[in-house]
Every structure is written in structure tokens, then in C-alpha cells.
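Take a look at the structure set out below.
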Amino acid sequence: MRTTTEKGTKRYVAGFYLLLLGGWQTLFSLQLIPDYLFPSPLQVGERLWELGRDGLLWPSVSATLMRMTIGFSAAAGLGLVVGVVMGMNHVLNQCLRSLFLGLQTLPTAAWVPISLLLFGLSDRGIYFVIVMSSVAAVAIATSDGILHIPPLHLRAARTLGTPGYAMPLRVILPAALPGIVTGVKLGWTLGWHGAVSAELIKSSVGLGYLLYMGRELNDVAQVLGIMMLTILFGLLLDRFLFGQIERRIRTRWGLTSQS
């Protein structure tokens, strides 16, 4: 039953995106906007192919993904540690939560100027933007996941002999995992925004740099192509990495139906 439903849903999703592409092509064919301002899907695809052929596309993709891997690993680790401490200390949670909620109101691009002042035109500044963009989301989600653990579960773990020093790793973190994964997904998205925003100004390679060059050259096809590629990577990561992890955790904890 579930497999049949998923296949039907995938067909609807595929049809939806084909409809979007068809609408895009139809608008282009009407010539309501000059093609140098509104290229066709084919022109965008051809521009991406040219970037790949010229050796510009894949090094930029690799550079952005590598920066995200390094920067977000640091952000996730820091966010988890801070979130656990927040979840186990009510006063500290109230203090840091208000700070993190305030930081989350900042656009990710707002961290770029201060990173320039602190680190100059270097990858360390991009890592800084990634960390500052995403650590708050991970910390808040971790603390919320811990605070929403039913007290009965914690008392049961202590009754069964779990020592106090082992509670965070053996009981608290596993029980809070569904909420933590949601926060990690949000943190990755915000970090991805921060990485591309920083590369617009601070880098000579990366997806953000290709966006910058497209703007400088008035190449709308390149700008749209890199935007679509950035969206595609986000969807693929959600579908094949974070989505799979979240699905398995929710199934493990009985939060989704397996039928």
C-alpha cells in the first residue's frame, strides 16, 4: 500500500516539474520578455554544459560542497554540545535560547561583512559564515528535543540502572534524535545559504562565485542555471541523506507507519 502511494506521489511530483518547465518554455516562446533577460530552459542547460566543458562547473561544485562539509561539521558538533547543555539546564536554556533566536533573525548574508573584517578573503571567513548561520538552529532543535522527552522515560532509565554520567549518550540523545535531525536539516539549509552568500564576495571558485560572474557578465542563463543547480543539490541531499536518516529514526521510534 505504501509503495503504491509513494509511486503515485512521485509521478505527481515529476508531472508538476514537467509542467513548470512547459510553462517556462511557453513564456519564452511568447517573447514577452527579451531572451537576454529571460532565457529558455534549453539555453540555461546549454550554458551549464558550457561551464562544465570549460572546467568551471565541477570544481566550483566541489569547492562549495567541501566548504559545507567542513563548516557544517563544526557547526553541527558545536550546536549539539551547546544544545545538550541547554536542554539539561533550564536557566542556561532561557539565556542562550533568547540569544540564538535573535541571531536567527539575521539574514545569512549579514555575516559576510564581519567575516571579511575578521578573516579577509579566505576560506576561514566562509567557514565562519557557515557556522554562524547554522549553529543556532542545531542548538535550539537539540535543546527542544531533550526538553520534550517524556519524564517517564528518564525515570525508567534510572530505575533500570543507567548511571548519571551515561544518561546523555545512552538515553537523552537517542530519545531526542527526531528533533535533532530536523534541526540539522534546517541548519544545513541555512549553512548552504551562508556558503553561497559568502562565495559571492569572498571566493574565486564556488557556486556563489559563478553567480557573481554571471551577474557581472549580464549572463542571465548562467545565473538561472547556477540557481537551479543549487536548488537541485538541496533537494538531492534532503531526499537521499537527511530524508533517509529522518525516515529511519522516525520508523525506529514508531513515529511513522511501516505498512
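Readers should treat all values here as calculations from the given coordinates under stated rules, not as data from a laboratory. Because the structure is predicted, anything quoted here is derived from the model rather than measured. Quick reminder, even Gly has a Cβ in these numbers, built from the backbone with ideal geometry, and neighbours come from all protein chains shown.
Between I70 and R239, the FRET efficiency estimated from the beta carbon spacing at R0 = 22 angstrom works out to 0.45.
Relative to the longest principal axis of the Cα atoms of the chain, the long axis of helix 2-30 makes an angle of roughly 30 degrees.
Ranked for footprinting exposure by Cβ neighbours inside 10 Å, fewest first, V223, V205 give V205, V223.
Measuring between their Cα centroids, the stretch 209-226 and the stretch 79-118 lie 33 Å from each other.
Under a Gaussian network description of the chain, with springs only between Cα atoms under 10 Å, the residue in G125, G161, G87 that fluctuates furthest is G161. The alpha carbon gyration tensor of the stretch 157-242 gives principal lengths a ≥ b ≥ c with a/c of 1.5 or higher and a/b greater than b/c, which makes the shape prolate. A simple count of charges around R124, restricted to other residues whose Cβ falls under 14 Å of its Cβ and scoring Lys, Arg +1 and Asp, Glu -1, yields 0.
Rounded to the nearest 500, the helix-only mean residue ellipticity at 222 nm of the chain stands at -26000 deg cm²/dmol, with each DSSP H run of n ≥ 4 adding -39,500 (n - 2.57). Who wins for biggest fluctuation among W111, W188, W49 in a Gaussian network model of the chain, springs between alpha carbons below 10 Å? Of the options given, W49 has the highest mean-square fluctuation. Quick one: grab the alpha carbon gyration tensor of the chain, order the square roots of its eigenvalues as a ≥ b ≥ c, and give me rounded if a/c is under 1.5, else prolate or oblate depending on whether a/b is larger than b/c. Verdict is oblate for the chain.
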